[in-house]
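Single-structure report; data block below.
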Amino acid sequence: MRRTAEYSSNRIQFGKALGSFQGVQQRAADAFIDVEAMRSTSLLAAWQFDAGVVQAADVATAKYWAAMGGHRVVHTAQHLHGGMGADVTYPIHRFFLAATQIGQALGGAAPMLAKIGREVAAGNSEPLA
C-alpha cells in the first residue's frame, strides 16, 4: 500500500494527482482498513501462540484476514496502478501473485469462515468484549 500511495500521489491524471480523486481515496482507505485488520488479528494469534493460550477461532480469523484482506489489498493496488499493475514485469504483479499463493496456502477465506463458525457455535472462543 505504501508503493500504491506514493504512485497515486505522484501520478497526474486530468491535471490532478490521482490520489486526489475521491474514488481513489476510498479504495485506498478500504485497503488500509484491511491491512490493519490483518495486522491486528495476526498479532493476536501470534501472542496467543507465545502465551500458550491459542484459540482456534482467533487463528482462523487471522488466516481469514490474510486470505480475504490480502486479496482485496493486492486487487486495489493493481487497480490503482492501472495497466502497469497487470504487467508481469512490474513489482505490483509479484505482490499480487504472492498474496494469491499465501491465501491458497492458508486454506482460503471460505474454509476459515466455516472454522470460525464451528468454533463459535461450539463455545470454543471467548470474545474480547
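The values are calculated or read from the model by the stated rules, or taken from the named source; none is laboratory data. Keep in mind the model is a prediction, meaning the values are calculated, not measured. Ideal geometry is used to build each Cβ from the backbone, glycine not excepted, and the neighbour counts take in all protein chains shown. Just so you know, the surface numbers come from the protein's heavy atoms only, side chains and all, with ligands and any DNA or RNA stripped out. Shrake-Rupley method; radii C 1.70, N 1.55, O 1.52, S 1.80 Å.
Please state which one of 99, 77, 105 is crowded, with 16+ Cβ neighbours inside 10 Å, small (Gly, Ala, Ser) and at pLDDT below 90.
Exactly one of 99, 77, 105 is crowded, with 16+ Cβ neighbours inside 10 Å, small (Gly, Ala, Ser) and at pLDDT below 90, namely 99.
Please count how many residues of region 16-47 are more than 26 Å from residue 91 (Cβ to Cβ) and modelled with pLDDT under 95.
Final tally of qualifying residues: 0.
Look at residue 29 and say whether it is within 30 Å of residue 126 (Cα to Cα), open to solvent by less than 40 Å² (accessible area, probe 1.4 Å) and of a type in the set (Gly, Ala, Ser).
Against the criterion (within 30 Å of residue 126 (Cα to Cα), open to solvent by less than 40 Å² (accessible area, probe 1.4 Å) and of a type in the set (Gly, Ala, Ser)), residue 29 does not qualify.
Here are 110, 114, 62: which of them is among the aliphatic types (A, V, I, L, M), open to solvent by 60 Å² or more (accessible area, probe 1.4 Å) and either on the phi < 0 side of the Ramachandran plot or in a helix (DSSP H, G or I) (or both)?
Result: 110 is the single residue among 110, 114, 62 that is among the aliphatic types (A, V, I, L, M), open to solvent by 60 Å² or more (accessible area, probe 1.4 Å) and either on the phi < 0 side of the Ramachandran plot or in a helix (DSSP H, G or I) (or both).
With the condition kept exactly as written, say whether any residue in region 39-53 is within 20 Å of residue 111 (Cβ to Cβ), in contact (Cβ under 8 Å) with a residue 12 or more places away in the chain, assigned to a loop (DSSP other than H, G, I, E, B) and open to solvent by 30 Å² or more (accessible area, probe 1.4 Å).
Among the residues of region 39-53, not one is within 20 Å of residue 111 (Cβ to Cβ), in contact (Cβ under 8 Å) with a residue 12 or more places away in the chain, assigned to a loop (DSSP other than H, G, I, E, B) and open to solvent by 30 Å² or more (accessible area, probe 1.4 Å), which makes the answer no.
Within region 80-96, work out how many residues are assigned to a helix (DSSP H, G or I) and open to solvent by less than 40 Å² (accessible area, probe 1.4 Å).
Number of matching residues: 5.
Which of the residues spanning region 85-96 are in contact with a helix residue (DSSP H, G or I) (Cβ under 7 Å, 6 or more places away or on another chain) and either modelled with pLDDT under 85 or among the polar types (S, T, N, Q) (or both)?
85, 86
Report yes if residue 76 is farther than 30 Å from residue 121 by Cα and under 14 Å from the mean Cα position of the chain (by Cα), otherwise no.
Yes.
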